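To start, the structure itself, in structure tokens.
What follows draws every value from the coordinates through simple rules; no lab data is involved. Nothing here was measured: the structure is a model prediction, and the numbers come from that model. Neighbour counts run over all protein chains shown; Cβ positions are idealised from the backbone, glycine included.
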Amino acid sequence: MAPLTSPVAITAWQCQSVAGSSNAALRQALRENRCRLAPPGFVSLPFPTVVGEAPDPMPAIAPARKDFDCRNARYALAALEADGFRDTIETVRDRYDAGRVGVVLGTSTSGIYDSEQAYMHFVRHGRMPEDFNFFRRHAVQATAEFLRKELALKGPCYAVSTACSSSAKALGSAQRLIHTGVCDAVLVAGVDTLCRLTLRGFHALDLISPSPCRPMDAERCGINIGEGAAMLLLEKTCRDNRDCPHLLAVGESSDAHHMSTPDPEGKGAEAAMRQALAMANIEPEQVGYVNLHATATRLNDLAEAKAISRLLRDRVPCSGIKGLVGHTLGASGAVEVVATLVAMLEGFLPGTCGLETPDPEVKLQLLRDPEENDQVAFALCNAFGFGGSNASVLLARSGMALASP
């Protein structure tokens with residue numbers, strides 16, 4: 001059976017998180033598998049927790065784009081400036097024409113932190129700060145528009161905001177732009193930064209762990225929130241006759257079960273994974289690794305584990321990295337796709353930082369520590385959001401894997 005969508009090449013990627021500001025730093029952090037979380041520095045909270053806070057200083061926004069100046073845009077700029085990523089995008093823009101290169105952003109918090117600051121100014125002074133622009137700082141599409149202007153791109157530009165599956169779904173949206181001929185290349189970004197609203201909101205739901213989280217562990221008690229800015233460049237094909245990893249498909253589903261609780265049997269998660277495989281005409285037996293969503297909450301981890309057990313049994317190595325960098329919310333899909341690519345291409349699989357005693361109800365082949373493995377051709381990366389908004393990203397390690405029988 002022919003695939004239902006066309007694979008697209010992933011020709012460049014970049015990730016910023018508490019694990020570091022380059023792909024090399026992320027690779028080293030994954031190999032070390034050591035928790036990088038710490039008490040929050042720039043926000044004060046009435047409860048204990050640890051977070052994956054971005055290292056300061058972040059780059060400054062140019063005066064010409066000061067309307068966009070917020071923590072989210074600055075973190076996006078940090079990713080753009082790292083490892084020559086901006087130069088790569090500008091080269092692609094010139095090759096295809098600016099109108100053929102799009103931007104799709106996944107985010108959940110966007111500029112909420114700066115809106116909080118603005119409203120505190122309002123409480124003190126009775127007026128909003130004169131330089132505060134709601135649509136260019138707070139709105140979900142603001143950072144996407146900032147990137148479009150910063151790179152002088154003229155293709156489609158929009159944001160996807162579906163809670164913690166946002167940037168995974170942004171990858172699917174970008175693939176469709178290329179598949180339908182609307183774009184020749186798309187910059188996909190997942191960017192989320194810390195704010196009081198998110199931290200206090202998860203705490204109100206009794207989902208915040210006071211100590212470093214323990215994904216899939218018998219004693220897990222909640223999440224730690226992190227900041228992340230990840231970018232991936234998707235193109236129709238690899239350039240310059242080189243091989244590169246491919247995005248095969250993004251399966252999507254909706255539980256419609258509860259606003260903040262997943263279907264307890266993981267039916268929506270399973271549907272998303274099955275859809276990704278079916279769209280790419282890949283059999284479950286071909287999957288060699290699963291990057292788990294694994295938030296370290298009681299219900300989410302178990303629901304995901306049940307879904308994977310039904311689809312893949314216990315034969316596939318699985319791990320989750322949120323104990324290392326925190327849950328980067330809307331950015332987590334893109335952050336963890338980059339982490340999976342970095343590890344696969346280096347010939348190893350990440351461990352599950354924080355996992356001590358696996359939950360006996362979790363019937364998976366969990367990797368506690370990183371494992372050398374250069375045989376994985378296809379991997380799934382899961383991202384599941386509030387409201388049952390699910391996405392599962394199917395990756396191929398290389399274009400050569402697609403030609404294999």
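Quick look at the values:
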| read-out | value |
| --- | --- |
| Unpaired by the 4.7 Å Cβ criterion, cysteines found in the chain | C15, C35, C70, C157, C164, C183, C195, C213, C221, C318, C353, C381 |
| Fraction of antiparallel bridges per DSSP, segment 8-398 only, in percent to nearest 5 | 65 percent |
| Relative contact order for the chain, counting Cα pairs under 8 Å that sit 6 or more residues apart, in percent | 23 percent |
| Residue-span extension gain [Y119 to D206] - 0.36 nm each, minus C-alpha spacing | 28.7 nm |
| Estimated FRET transfer efficiency when R0 is 25 angstrom, pair Q286-R242 (beta carbons, to 0.05) | 0.60 |
| Trypsin sites (Lys or Arg not before Pro) within segment 1-87, DSSP loop, no more than 14 other Cβ atoms inside 10 Å | R34 |
| Calculated FRET efficiency for the pair H179/Q375, C-beta based, R₀ 25 Å, to 0.05 | 0.30 |
| Burial ordering of H293, H121, H138, fewest other beta-carbon atoms within 10 Å first | H121, H138, H293 |
| Sparse-neighbourhood loop sites, GluC sites (Glu not before Pro) in segment 38-132 - DSSP loop, at most 13 other Cβ within 10 angstrom | E130 |
| Where trypsin sites (Lys or Arg not before Pro) fall in DSSP loop in segment 207-262, at most 11 other Cβ within 10 Å | R242 |
